[in-house]
Amino acid sequence: MNIESREIINNWTLYTLTNDHNMSVSLLDFGGIITNISVPNRNKKVENVVLGYKNISDYVDNPNYLGAIVGRVAGRIQNASFILDGKTHTLETNEGVHHIHGGSVGFHQVIWTAHPFQTAETVGVRLTHTSPDGEGGYPGNLEVSVTYTLTNKNELILDYSATTDKSTALSLTNHSYFNLSGDLAETIHNHHVTIDSDEFIELDKDLIPTGKKIHVANTPFDLRSGRYLADGISSTSNQNLIANHGYDHYFIFNQKGQKNVEVKEETSGRIMSIKSNQPGLVMYTANTLNEGIELAEGYSKPYLGVCFETQASPASLHHEGFPTVVLNADEIYEKQTVFSFSSEA
Ligand code: G6D
(Lines give C-alpha, C1' and ligand atoms only; values in the text may rest on other atoms or scores of the structure.)
Protein backbone atom coordinates (compact mmCIF):
# COMPACT_ATOMS: atom_id res chain seq x y z
CA MET A 1 0.00 0.00 0.00
CA ASN A 2 1.32 3.42 -0.84
CA ILE A 3 0.20 7.05 -1.03
CA GLU A 4 2.01 9.79 -2.90
CA SER A 5 1.12 13.45 -3.03
CA ARG A 6 2.44 16.32 -5.04
CA GLU A 7 1.63 20.01 -5.35
CA ILE A 8 0.44 20.91 -8.83
CA ILE A 9 -1.15 24.00 -10.38
CA ASN A 10 -3.41 26.44 -8.46
CA ASN A 11 -2.06 25.14 -5.12
CA TRP A 12 -3.94 21.94 -5.76
CA THR A 13 -2.55 18.66 -4.46
CA LEU A 14 -2.76 15.39 -6.40
CA TYR A 15 -2.87 12.19 -4.34
CA THR A 16 -2.15 8.76 -5.81
CA LEU A 17 -3.25 5.73 -3.81
CA THR A 18 -1.75 2.35 -4.74
CA ASN A 19 -2.57 -1.08 -3.31
CA ASP A 20 -0.63 -4.36 -3.46
CA HIS A 21 -2.68 -5.74 -6.40
CA ASN A 22 -1.91 -3.31 -9.24
CA MET A 23 -4.81 -0.96 -8.60
CA SER A 24 -4.35 2.76 -8.12
CA VAL A 25 -6.61 5.79 -7.68
CA SER A 26 -5.55 9.39 -8.24
CA LEU A 27 -7.57 12.31 -6.88
CA LEU A 28 -7.34 16.05 -6.35
CA ASP A 29 -8.14 18.04 -3.23
CA PHE A 30 -9.88 20.39 -5.70
CA GLY A 31 -13.44 19.15 -6.12
CA GLY A 32 -12.43 15.77 -4.68
CA ILE A 33 -11.94 14.96 -8.35
CA ILE A 34 -10.94 11.40 -9.26
CA THR A 35 -8.54 11.84 -12.20
CA ASN A 36 -7.56 8.20 -12.73
CA ILE A 37 -8.50 4.69 -11.60
CA SER A 38 -6.12 2.07 -12.97
CA VAL A 39 -7.03 -1.60 -12.75
CA PRO A 40 -5.81 -4.78 -14.49
CA ASN A 41 -7.71 -6.47 -17.32
CA ARG A 42 -8.01 -10.26 -17.70
CA ASN A 43 -4.40 -10.38 -18.93
CA LYS A 44 -3.25 -8.28 -15.97
CA LYS A 45 -2.67 -5.26 -18.19
CA VAL A 46 -3.22 -2.19 -16.02
CA GLU A 47 -5.25 0.56 -17.76
CA ASN A 48 -7.25 3.62 -16.76
CA VAL A 49 -11.03 3.12 -16.44
CA VAL A 50 -12.31 6.67 -15.87
CA LEU A 51 -12.36 9.82 -17.99
CA GLY A 52 -9.74 12.36 -16.96
CA TYR A 53 -8.43 15.49 -18.64
CA LYS A 54 -4.93 15.44 -20.09
CA ASN A 55 -4.40 19.06 -19.04
CA ILE A 56 -5.09 19.36 -15.30
CA SER A 57 -6.10 23.02 -15.83
CA ASP A 58 -9.22 21.80 -17.67
CA TYR A 59 -10.60 20.80 -14.27
CA VAL A 60 -10.98 24.50 -13.37
CA ASP A 61 -14.22 24.81 -15.33
CA ASN A 62 -15.10 21.10 -15.82
CA PRO A 63 -18.60 21.66 -17.28
CA ASN A 64 -19.14 17.90 -17.33
CA TYR A 65 -18.16 17.43 -13.66
CA LEU A 66 -15.56 14.78 -14.60
CA GLY A 67 -14.65 12.79 -11.47
CA ALA A 68 -16.00 15.42 -9.08
CA ILE A 69 -17.81 15.35 -5.76
CA VAL A 70 -21.24 16.86 -6.44
CA GLY A 71 -23.24 18.75 -3.80
CA ARG A 72 -24.89 20.12 -1.79
CA VAL A 73 -27.57 18.41 -3.87
CA ALA A 74 -26.66 16.26 -6.85
CA GLY A 75 -29.10 16.42 -9.74
CA ARG A 76 -31.65 18.99 -10.81
CA ILE A 77 -33.89 20.98 -8.45
CA GLN A 78 -37.01 22.22 -10.24
CA ASN A 79 -37.32 26.00 -10.51
CA ALA A 80 -34.19 26.33 -8.34
CA SER A 81 -36.22 26.37 -5.16
CA PHE A 82 -37.61 24.23 -2.40
CA ILE A 83 -39.74 24.74 0.69
CA LEU A 84 -38.40 23.60 4.05
CA ASP A 85 -40.31 24.11 7.31
CA GLY A 86 -42.59 26.55 5.53
CA LYS A 87 -39.73 28.69 4.20
CA THR A 88 -38.94 28.94 0.50
CA HIS A 89 -35.25 28.63 -0.31
CA THR A 90 -34.13 30.06 -3.64
CA LEU A 91 -31.03 28.58 -5.23
CA GLU A 92 -28.82 29.70 -8.08
CA THR A 93 -30.48 29.14 -11.46
CA ASN A 94 -27.45 27.64 -13.20
CA GLU A 95 -29.42 25.67 -15.79
CA GLY A 96 -32.25 27.74 -17.28
CA VAL A 97 -34.79 28.34 -14.53
CA HIS A 98 -33.54 25.28 -12.67
CA HIS A 99 -30.62 24.43 -10.38
CA ILE A 100 -28.15 21.60 -11.03
CA HIS A 101 -25.38 19.97 -9.02
CA GLY A 102 -25.09 22.51 -6.22
CA GLY A 103 -24.64 25.52 -8.51
CA SER A 104 -21.48 27.33 -9.58
CA VAL A 105 -20.20 27.28 -5.98
CA GLY A 106 -20.96 23.58 -5.65
CA PHE A 107 -18.61 21.09 -4.04
CA HIS A 108 -16.94 20.33 -7.39
CA GLN A 109 -15.38 23.79 -7.12
CA VAL A 110 -14.12 23.56 -3.54
CA ILE A 111 -10.52 22.99 -2.43
CA TRP A 112 -11.18 20.38 0.25
CA THR A 113 -8.90 19.99 3.27
CA ALA A 114 -7.13 16.67 2.78
CA HIS A 115 -6.18 14.19 5.48
CA PRO A 116 -4.23 11.25 3.96
CA PHE A 117 -4.14 7.97 5.87
CA GLN A 118 -2.74 4.46 5.55
CA THR A 119 -3.22 1.14 7.31
CA ALA A 120 -1.93 -2.37 6.54
CA GLU A 121 -4.84 -3.08 4.19
CA THR A 122 -6.08 0.37 3.19
CA VAL A 123 -4.85 3.73 1.95
CA GLY A 124 -6.89 6.84 1.44
CA VAL A 125 -7.67 10.50 1.82
CA ARG A 126 -10.37 12.07 3.99
CA LEU A 127 -11.57 15.36 2.54
CA THR A 128 -13.33 17.90 4.77
CA HIS A 129 -15.11 21.17 4.07
CA THR A 130 -17.27 23.68 5.91
CA SER A 131 -20.06 25.05 3.71
CA PRO A 132 -21.40 28.27 5.31
CA ASP A 133 -25.09 29.00 5.86
CA GLY A 134 -26.59 30.33 2.62
CA GLU A 135 -23.84 29.04 0.30
CA GLY A 136 -25.47 28.47 -3.10
CA GLY A 137 -28.77 29.39 -1.45
CA TYR A 138 -28.80 26.38 0.87
CA PRO A 139 -29.56 26.91 4.59
CA GLY A 140 -27.37 25.71 7.42
CA ASN A 141 -23.69 25.70 8.30
CA LEU A 142 -22.66 22.29 6.98
CA GLU A 143 -19.66 20.27 8.12
CA VAL A 144 -19.03 17.67 5.41
CA SER A 145 -16.45 14.99 4.74
CA VAL A 146 -15.86 12.61 1.86
CA THR A 147 -13.39 9.77 2.37
CA TYR A 148 -11.81 7.83 -0.47
CA THR A 149 -10.40 4.47 0.65
CA LEU A 150 -8.56 1.99 -1.57
CA THR A 151 -8.41 -1.54 -0.16
CA ASN A 152 -6.32 -4.60 -0.98
CA LYS A 153 -9.52 -6.21 -2.32
CA ASN A 154 -9.49 -3.75 -5.25
CA GLU A 155 -12.37 -1.76 -3.74
CA LEU A 156 -12.70 2.00 -3.86
CA ILE A 157 -14.90 2.97 -0.93
CA LEU A 158 -16.56 6.39 -0.84
CA ASP A 159 -17.82 7.44 2.59
CA TYR A 160 -19.89 10.62 2.86
CA SER A 161 -20.65 12.24 6.22
CA ALA A 162 -22.19 15.57 7.24
CA THR A 163 -23.88 17.53 10.02
CA THR A 164 -25.77 20.83 9.90
CA ASP A 165 -26.87 23.41 12.45
CA LYS A 166 -30.27 23.83 10.80
CA SER A 167 -32.43 21.78 8.45
CA THR A 168 -31.10 21.75 4.92
CA ALA A 169 -31.05 19.69 1.72
CA LEU A 170 -28.12 17.34 1.09
CA SER A 171 -27.49 14.58 -1.44
CA LEU A 172 -23.85 13.95 -2.31
CA THR A 173 -22.37 11.83 -5.07
CA ASN A 174 -19.28 11.35 -7.21
CA HIS A 175 -19.52 12.12 -10.92
CA SER A 176 -16.84 9.82 -12.38
CA TYR A 177 -17.36 8.61 -15.94
CA PHE A 178 -16.38 4.94 -16.11
CA ASN A 179 -15.09 3.15 -19.21
CA LEU A 180 -13.93 -0.40 -18.43
CA SER A 181 -12.49 -1.03 -21.90
CA GLY A 182 -9.26 0.53 -20.62
CA ASP A 183 -7.51 3.69 -21.79
CA LEU A 184 -10.68 4.61 -23.75
CA ALA A 185 -10.24 1.75 -26.21
CA GLU A 186 -13.99 1.75 -26.98
CA THR A 187 -17.15 3.69 -26.18
CA ILE A 188 -19.53 2.30 -23.56
CA HIS A 189 -22.08 0.92 -26.04
CA ASN A 190 -20.97 -2.63 -25.31
CA HIS A 191 -20.81 -2.24 -21.57
CA HIS A 192 -23.18 -4.84 -20.13
CA VAL A 193 -24.94 -3.34 -17.11
CA THR A 194 -27.14 -4.99 -14.51
CA ILE A 195 -29.12 -2.78 -12.12
CA ASP A 196 -31.24 -4.25 -9.34
CA SER A 197 -34.13 -1.83 -9.87
CA ASP A 198 -37.83 -2.30 -10.68
CA GLU A 199 -38.60 1.42 -11.14
CA PHE A 200 -37.07 4.59 -12.51
CA ILE A 201 -38.22 8.20 -12.32
CA GLU A 202 -39.73 9.84 -15.40
CA LEU A 203 -38.02 12.98 -16.72
CA ASP A 204 -39.69 15.94 -18.41
CA LYS A 205 -38.21 17.79 -21.41
CA ASP A 206 -35.99 19.84 -19.06
CA LEU A 207 -34.67 16.58 -17.55
CA ILE A 208 -36.50 17.44 -14.33
CA PRO A 209 -37.83 14.38 -12.45
CA THR A 210 -41.63 14.52 -12.69
CA GLY A 211 -42.19 12.45 -9.56
CA LYS A 212 -43.77 9.65 -11.59
CA LYS A 213 -42.24 6.21 -11.05
CA ILE A 214 -42.21 3.99 -14.14
CA HIS A 215 -41.87 0.21 -13.88
CA VAL A 216 -38.93 -1.01 -15.96
CA ALA A 217 -40.69 -4.12 -17.31
CA ASN A 218 -40.78 -4.22 -21.12
CA THR A 219 -38.73 -1.04 -21.42
CA PRO A 220 -35.03 -0.33 -22.21
CA PHE A 221 -34.76 0.55 -18.51
CA ASP A 222 -35.10 -3.08 -17.48
CA LEU A 223 -31.51 -3.93 -16.57
CA ARG A 224 -32.48 -6.47 -13.94
CA SER A 225 -30.99 -9.30 -15.99
CA GLY A 226 -28.35 -7.13 -17.63
CA ARG A 227 -28.43 -5.18 -20.88
CA TYR A 228 -25.94 -3.56 -23.29
CA LEU A 229 -26.04 0.22 -22.94
CA ALA A 230 -26.36 0.41 -26.72
CA ASP A 231 -30.01 -0.62 -26.27
CA GLY A 232 -30.88 2.59 -24.47
CA ILE A 233 -28.66 4.74 -26.66
CA SER A 234 -30.36 3.51 -29.85
CA SER A 235 -33.83 3.26 -28.31
CA THR A 236 -36.70 5.33 -29.70
CA SER A 237 -38.58 5.22 -26.40
CA ASN A 238 -39.78 8.63 -25.26
CA GLN A 239 -37.66 8.65 -22.11
CA ASN A 240 -34.43 7.67 -23.91
CA LEU A 241 -35.09 10.37 -26.53
CA ILE A 242 -35.83 12.99 -23.86
CA ALA A 243 -32.42 12.17 -22.34
CA ASN A 244 -30.78 13.00 -25.69
CA HIS A 245 -30.52 9.40 -26.85
CA GLY A 246 -29.50 7.36 -23.85
CA TYR A 247 -29.90 7.16 -20.10
CA ASP A 248 -29.84 10.10 -17.66
CA HIS A 249 -32.31 8.65 -15.18
CA TYR A 250 -32.70 7.86 -11.52
CA PHE A 251 -33.10 4.14 -10.81
CA ILE A 252 -34.67 3.17 -7.49
CA PHE A 253 -32.76 0.26 -5.91
CA ASN A 254 -34.64 -2.83 -4.77
CA GLN A 255 -31.86 -3.34 -2.20
CA LYS A 256 -32.43 -7.09 -2.48
CA GLY A 257 -29.06 -8.48 -3.60
CA GLN A 258 -25.42 -8.38 -2.62
CA LYS A 259 -24.83 -5.58 -5.12
CA ASN A 260 -26.92 -2.87 -6.70
CA VAL A 261 -25.07 -2.67 -10.03
CA GLU A 262 -22.69 -4.84 -12.02
CA VAL A 263 -20.86 -3.63 -15.13
CA LYS A 264 -19.03 -6.02 -17.47
CA GLU A 265 -16.81 -5.14 -20.42
CA GLU A 266 -16.24 -8.36 -22.35
CA THR A 267 -13.16 -7.41 -24.39
CA SER A 268 -11.06 -6.53 -21.35
CA GLY A 269 -12.83 -8.92 -18.99
CA ARG A 270 -13.12 -6.15 -16.41
CA ILE A 271 -16.03 -6.23 -13.98
CA MET A 272 -17.12 -3.40 -11.68
CA SER A 273 -19.74 -3.91 -9.01
CA ILE A 274 -21.39 -1.18 -6.98
CA LYS A 275 -22.96 -1.49 -3.54
CA SER A 276 -24.46 1.54 -1.81
CA ASN A 277 -26.73 2.39 1.11
CA GLN A 278 -28.19 5.17 -1.02
CA PRO A 279 -31.79 4.52 -2.23
CA GLY A 280 -30.82 4.74 -5.88
CA LEU A 281 -28.59 6.26 -8.54
CA VAL A 282 -28.60 8.27 -11.72
CA MET A 283 -27.06 6.37 -14.61
CA TYR A 284 -25.87 8.87 -17.22
CA THR A 285 -24.41 7.56 -20.47
CA ALA A 286 -22.61 10.82 -21.34
CA ASN A 287 -25.17 11.61 -24.04
CA THR A 288 -24.14 15.27 -24.17
CA LEU A 289 -20.51 15.01 -23.12
CA ASN A 290 -18.65 17.86 -24.83
CA GLU A 291 -16.67 16.83 -27.90
CA GLY A 292 -12.98 17.44 -28.51
CA ILE A 293 -11.60 18.07 -25.02
CA GLU A 294 -8.23 16.33 -24.67
CA LEU A 295 -8.36 13.49 -22.19
CA ALA A 296 -5.42 11.46 -20.94
CA GLU A 297 -5.98 8.76 -23.59
CA GLY A 298 -7.86 10.56 -26.35
CA TYR A 299 -10.52 13.18 -27.04
CA SER A 300 -13.90 13.48 -25.33
CA LYS A 301 -17.10 12.60 -27.19
CA PRO A 302 -20.57 11.38 -26.23
CA TYR A 303 -20.85 7.83 -24.89
CA LEU A 304 -17.16 7.61 -23.94
CA GLY A 305 -18.07 6.99 -20.29
CA VAL A 306 -20.98 6.13 -18.02
CA CYS A 307 -21.73 7.72 -14.63
CA PHE A 308 -23.24 5.85 -11.71
CA GLU A 309 -24.22 8.68 -9.38
CA THR A 310 -25.50 7.05 -6.20
CA GLN A 311 -27.76 9.54 -4.39
CA ALA A 312 -31.22 10.27 -3.05
CA SER A 313 -33.34 11.96 -5.71
CA PRO A 314 -33.96 15.73 -5.53
CA ALA A 315 -37.46 14.83 -6.77
CA SER A 316 -38.19 14.36 -3.05
CA LEU A 317 -38.08 18.16 -2.62
CA HIS A 318 -41.15 18.55 -4.85
CA HIS A 319 -42.93 15.19 -4.74
CA GLU A 320 -44.15 12.71 -2.13
CA GLY A 321 -43.04 9.10 -2.12
CA PHE A 322 -39.25 9.48 -2.36
CA PRO A 323 -36.57 9.11 0.32
CA THR A 324 -35.90 12.59 1.61
CA VAL A 325 -32.82 14.68 0.89
CA VAL A 326 -33.51 16.79 3.99
CA LEU A 327 -30.87 16.70 6.75
CA ASN A 328 -31.96 18.03 10.13
CA ALA A 329 -29.77 19.55 12.85
CA ASP A 330 -30.10 16.52 15.10
CA GLU A 331 -29.13 14.01 12.36
CA ILE A 332 -25.87 12.73 10.90
CA TYR A 333 -25.70 12.17 7.14
CA GLU A 334 -23.78 8.93 6.56
CA LYS A 335 -23.70 7.28 3.14
CA GLN A 336 -21.34 4.77 1.56
CA THR A 337 -20.77 3.56 -1.97
CA VAL A 338 -18.28 0.79 -2.79
CA PHE A 339 -16.90 0.31 -6.31
CA SER A 340 -15.28 -3.16 -6.54
CA PHE A 341 -13.10 -4.16 -9.49
CA SER A 342 -12.26 -7.64 -10.75
CA SER A 343 -11.82 -9.45 -14.05
CA GLU A 344 -13.15 -12.66 -15.56
CA ALA A 345 -10.96 -15.21 -17.28
C1 G6D B 1 -25.95 16.68 -18.41
O2 G6D B 1 -28.13 15.78 -18.00
C3 G6D B 1 -26.75 15.56 -17.76
C4 G6D B 1 -26.50 15.52 -16.28
O5 G6D B 1 -27.17 14.41 -15.70
C6 G6D B 1 -24.99 15.42 -16.02
O7 G6D B 1 -24.75 15.37 -14.64
C8 G6D B 1 -24.30 16.61 -16.66
O9 G6D B 1 -24.55 16.64 -18.05
C10 G6D B 1 -22.80 16.56 -16.46
O11 G6D B 1 -26.47 17.91 -18.01
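Some points to look at:
- Backbone HN-Hα couplings from phi across segment 223-229 [Karplus 6.51/-1.76/1.60, Hz, Gly and Pro as x]: 10, 5, 10, x, 7, 6, 4
- Carbon + sulfur, % of accessible area of the chain - ligands and nucleic acids excluded, 1.4 Å: 47
- Semi-axis lengths, Å, segment 192-345, gyration tensor of Cα atoms, sqrt of 5 times eigenvalues: 25, 20, 17
- Sorted from greatest to least, the principal axis extents spanned by the alpha carbons of segment 12-78 come out as 46, 27, 19 Å.
- Where labels lie 7 Å past Cα in the beta-carbon direction, separation of residue 130 and residue 328 in nm: 2.6
- Altogether, the Stokes-Einstein calculation at 25 °C and 0.890 mPa s, with the Kirkwood radius of segment 40-176 over Cα pairs as Rh, returns a diffusion coefficient of 148 µm²/s.
- Simple point charges give the picture: +1 on the Cβ of Lys and Arg, -1 on the Cβ of Asp and Glu, and for segment 286-345 a dipole about the Cα centre of about 120 debye.
- With a cut-off of 12 Å between beta carbons, the residues surrounding residue 126 carry a summed charge of -2, where Lys and Arg count +1 and Asp and Glu -1.
- Net dipole in debye of the chain [+1 Lys, Arg Cβ; -1 Asp, Glu Cβ; about Cα centre; nearest 20]: 500
- Distance between the 7 Å Cα→Cβ label points at residue 42 and residue 218: 3.6 nm.
- Averaging over all projection directions, the Cα-based convex hull of segment 59-122 occupies 6.6 nm² in the image plane.
- Computed helical MRE - 222 nm, the chain, DSSP H runs ≥ 4 contributing -39500 (n - 2.57), nearest 500: -500 deg cm²/dmol
- Rg over Rh, two decimals, segment 129-182 (C-alpha only, Kirkwood Rh): 1.12
- Evaluated over segment 154-209, the Cα radius of gyration and Dmax, each in Å: 16.9, 48
- Each principal axis of the chain carries a Cα extent, and these read 58, 48, 39 Å when sorted largest first.
- Residues residue 87 and residue 152, FRET efficiency given R0 of 51 Å [Cβ-Cβ distance, rounded to 0.05]: 0.60
- Charged side chains reduced to their Cβ positions (Lys and Arg at +1, Asp and Glu at -1) give segment 160-308 a dipole of some 460 debye around its Cα centre.
- Packing rank of 82-91, 129-138, where each peptide gets the mean count of other beta carbons within 10 Å, highest leading: 129-138, 82-91
- Dipole orientation for segment 48-167: of the candidates 127, 56, 99, 56 has the Cα lying most toward the positive pole (charges on Cβ; Lys, Arg +1; Asp, Glu -1).
- Extension gain (nm, one decimal) between residue 94 and residue 258, 0.36 nm per residue minus Cα-Cα: 55.3 nm
- Efficiency of FRET from Cβ geometry, residue 111 and residue 167, R₀ 25 Å, rounded to 0.05: 0.40
- Multiplying the residue separation of residue 159 and residue 121 by 0.36 nm and subtracting their alpha-carbon distance yields 12.0 nm.
- Hits among lysines - C-alpha to C-alpha of residue 264 under 24 Å, sequence gap 8 or more where chains match: 44, 45, 153, 256, 275, 301
- Along segment 41-49 the Karplus relation, 6.51 cos²θ - 1.76 cosθ + 1.60 evaluated at θ = phi - 60°, assigns HN-Hα couplings of 9, 5, 9, 6, 7, 8, 9, 7, 10 Hz to successive residues, with x for each Gly and Pro.
- For a label point 7 Å along the Cα-to-beta-carbon line of residue 342, residues of segment 254-296 with backbone N under 20 Å: 255-277
- Point-to-point label distance, residue 291-residue 320, nm (Cα→Cβ direction, 7 Å offset): 4.7
The values are calculated or read from the model by the stated rules, or taken from the named source; none is laboratory data. Note that the structure is predicted; figures quoted are calculated from it, not measured. Ideal geometry is used to build each Cβ from the backbone, glycine not excepted, and the neighbour counts take in all protein chains shown. Surface accessibility is based on the protein's heavy atoms, side chains included, excluding ligands, DNA and RNA. Shrake-Rupley method; radii C 1.70, N 1.55, O 1.52, S 1.80 Å.
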